[in-house]
Amino acid sequence: MKELYLGVMSGTSLDGIDIALCEIDDTHCKLFASAEYPFPGVLKEEILKLIAGFGTLRHIGECHSRLGLLFAECINDFLKTNALHVKSIHAIGLHGQTLWHAPDSLYPFSMQLGNPNIVAAKTGITTVADFRGKDIANGGQGAPFAPAFHQFLFADTQENTAVLNIGGMANISLLFHDFGGWDVGCGNVLIDMWMQKTQSQNYDAEGALAKSGEPHEVLLAQMLRDDYFDKKAPKSTGREYFNAAWLEKNLRGFEHLSDAQIQRTLLELTAHSIANDVNATQATQLIICGGGAKNSFLMQRLSALCRAKVLPSDALGINSDFLEAMAFAWFAKKRIHQEPLLLKKVTGAQKDSIAGAIYAAD
């Protein structure tokens, strides 16, 4: 039976809130409407401060509520704009904003902010959230989750297909032979960080600044030697690892480089780390989604470095900007129907989990 779900996604890049309205049944997930809402600059800075370790429990709690109100406001605007009645939406799949992801700590956890109680109360729609906790409780990484949806969405592909989501972090899904996936490492996070620091721009449009510079091979080689890139799957990462401190540490001794040289080297870090992982598989087709798919120079470099054919998901009729939000609509459907996500091969969990907590509408 076809049902309507909303997927709401705020990623590591903190560049916007994506909402996707999907019609879902057991074999299809069709995107009907979508929208991106800007992330308030002041709130973004507060979240980045919390991630950097500056804040109190009160700040965390208030941010949790403020994000819940923001998500609810965006959802209600989306409903109004698309003339949707709350009763027509089966549930909302809410990822929330990751504050800290630590599946390898002594007491593993993954914390997402954005109070789902507020979302359910203010929208009148049952909300599913906290998708990662059960997988971690079962011994898994709690990430990446996208491979389960990619396997469902691209089930009919005839090639050895890999799907790559390039958001703040980059994660890959292998949809052939032994199904699997992992977080490759930094996607846009360092590229965006350097633009914000040196150019007062949120991102490098089309990779223009990077394209104007030459990569510094010594710096690139040093960054690629980071232990994370050599770590075997299952593995996941986030801003708690690839952050301003990581970048500052690696740039020591390279202060003489121009902004454009560093920007190009950071883009090459993303491209090479991805290509190294893709080329170590038998993938013949690499489908790319997420914000990175809009960076034409990054796409050009991936095409040059990867042996697999590189194409954006848009070429297959699937909007690359909203594929991740679509995934959380699908995850909500799986939770409402008490169906496990088949992810233990990806996350390393002891068993597949029914993921997500349900916050019922009044």
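The values are calculated or read from the model by the stated rules, or taken from the named source; none is laboratory data. Small disclaimer: the values here were computed from a predicted structure and weren't measured. Glycine also receives a Cβ, built like all others from the backbone with ideal geometry; neighbour counts cover every protein chain displayed. The accessibility values were calculated without ligands, DNA or RNA, using every heavy atom of the protein model including side chains. Shrake-Rupley method; radii C 1.70, N 1.55, O 1.52, S 1.80 Å.
Values as computed for the structure displayed
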{"item": "Alpha-carbon centroids, segment 196-234 and segment 130-150: separation in whole Å", "result": "27 Å"}
{"item": "Average Cα contact separation per residue, segment 243-318, under 8 Å, 6 or more apart, as relative contact order %", "result": "31 percent"}
{"item": "Whether segment 157-260 is rounded, prolate or oblate, judged on the alpha carbon gyration tensor where a/c under 1.5 counts as rounded", "result": "prolate"}
{"item": "Chymotrypsin sites (Phe, Trp or Tyr not before Pro) lying in DSSP loop within segment 231-285, provided at most 14 other Cβ fall within 10 Å", "result": "254"}
{"item": "Estimated inter-spin distance, residue 248 and residue 196, nm [label 7 Å along Cα→Cβ]", "result": "1.5 nm"}
{"item": "Ellipsoid equivalent to segment 217-302 - semi-axes via the Cα gyration tensor, in Å", "result": "23, 17, 12"}
{"item": "Along each principal axis, Cα extent of the chain, largest first, Å", "result": "59, 49, 42"}
{"item": "Solvent exposure of the chain as accessible area per residue, Å², 1.4 Å probe", "result": "44 Å²"}
{"item": "Considering only the chain, percent of DSSP beta bridges that pair antiparallel, nearest 5", "result": "70 percent"}
{"item": "Cleavage-rule hits (trypsin sites (Lys or Arg not before Pro)) in segment 234-304: DSSP loop, at most 13 neighbouring Cβ within 10 angstrom", "result": "252"}
{"item": "With all protein chains modelled, accessible area of residue 104 [1.4 Å, Å²]", "result": "90 Å²"}
{"item": "Computed Rg/Rh of segment 1-79, alpha carbon atoms with Kirkwood Rh", "result": "1.08"}
{"item": "Three-way shape call for segment 93-176 based on the alpha-carbon gyration tensor, with the a/c threshold at 1.5", "result": "oblate"}
{"item": "Anisotropy class of segment 48-140 from Cα gyration tensor, a/c 1.5 cut", "result": "oblate"}
{"item": "Estimated D of segment 37-76 in µm² per second, where Rh is the Kirkwood radius over Cα pairs and Stokes-Einstein applies at 20 °C, 1.002 mPa s", "result": "202 µm²/s"}
{"item": "Carbon/sulfur fraction of accessible area - segment 162-209, other protein chains in place, 1.4 Å, %", "result": "46 percent"}
{"item": "Label point at residue 1 placed 7 Å out along Cα→Cβ; residues across segment 317-340 whose backbone nitrogen lies under 16 Å", "result": "333-339"}
{"item": "For the chain: relative contact order, % (alpha-carbon pairs under 8 angstrom, 6 or more apart)", "result": "23 percent"}
{"item": "Probe 1.4 Å - accessible area at residue 60, Å² to nearest ten", "result": "50 Å²"}
{"item": "Segment 53-185 - percent relative contact order, Cα under 8 Å, separation 6 or more", "result": "19 percent"}
